[in-house]
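For reference, the structure is listed below as structure tokens.
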């Protein structure tokens, strides 16, 4: 079979925590080991054309084709990891990426509920016991029967077993907002730290660090205010999330027209996309594990998780052939 060429695709890679895991606290945190990140950069530089945010935006503006095997690096949530461990290596290699930081963490210095949940899970050695603890607290403190919640949400997701996925779903979106907020804070204080402000100060990028990164060629984009699930948010909360993104970018000297949006958790609907477009953002990223091709919706750009791609330059990459040729193969039947 002879591969049939198709328009160049964009491979967008998504990162969250990147750190030397063995040398840091919370070894159970789902972080990418720094050595694996560097190995993945070796692989991407060997096989892909890594685009800067500026080059990507200019390509969109001009309507030009993407370069062969185009690749874009994206980093979510605005962690200090990105300044300490990612930024220096990107600069050393002449690379750049998009960084997406919510306003509440970057500007207001508040600990996001999503991170309270992650570090509680990373601190608790037994996911089953933590899920049971959540159920017990729901019964005792809020008179909520967890049985229907278990029936609806106790199932694995792409990366987590059923216990961890259950805790995440309840604390991210399945419970009423006031219950989620109080329960996440209660569990964080019990298992991680009773000083969330100090924890946040160490966890997140500062505005000064973001400006330094911008000056070195990195890109920054919108990622909400409190990192809520946009697709499940009320119209008032959605408006606040998009407005918070604009305010966070303005504080570091970036306009939506020169940037992109990244939906927290990949959660979006037509109403969400309309709000993001109305705010002036040029494009927006999801968490759908796929490639994106010109002509597809710019407000639904797919991204691969770092774990979808090799962390060594010689490893087999199942996405590379698709980036080069798409799905069509001449002579293929069925």
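The values are calculated or read from the model by the stated rules, or taken from the named source; none is laboratory data. Just so you know, these numbers come straight off a predicted model, no measurement behind them. Note: ideal-geometry Cβ built from the backbone for every residue, glycine included; neighbour counts use all protein chains shown.
One table, with the values for the structure above:
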| item | result |
| --- | --- |
| Unique match (being in contact with a strand residue (DSSP E or B) (Cβ under 6 Å, 6 or more places away or on another chain) and over 25 Å from residue 207 (Cα atoms)) among 50, 95 | 50 |
| Qualifying residue in the stretch 146-161 (condition: at pLDDT 95 or above, under 23 Å from residue 29 (Cα atoms), more than 22 Å from the chain's Cα centre (by Cα) and surrounded by fewer than 20 Cβ atoms within 10 Å (Cβ to Cβ)) | yes |
| Any hit, the stretch 55-69, residues being closer than 25 Å to residue 321 by Cα and crowded, with 22+ Cβ neighbours inside 10 Å | yes |
| Residue identified as within 22 Å of residue 233 (Cβ to Cβ) and not assigned by TED's automatic domain parsing to the domain that holds residue 242 among 150, 169, 139 | 169 |
| Filter result (assigned to a helix (DSSP H, G or I) and under 29 Å from residue 240 (Cα atoms)) within the stretch 62-112 | 80, 81, 82, 83, 103, 104, 105, 106 |
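Table: residues versus (1) buried (at least 20 other Cβ atoms within 10 Å of the Cβ); (2) farther than 25 Å from residue 111 by Cβ.
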| residue | (1), (2) |
| --- | --- |
| 227 | yes, no |
| 232 | no, no |
| 258 | no, yes |
| 280 | no, yes |
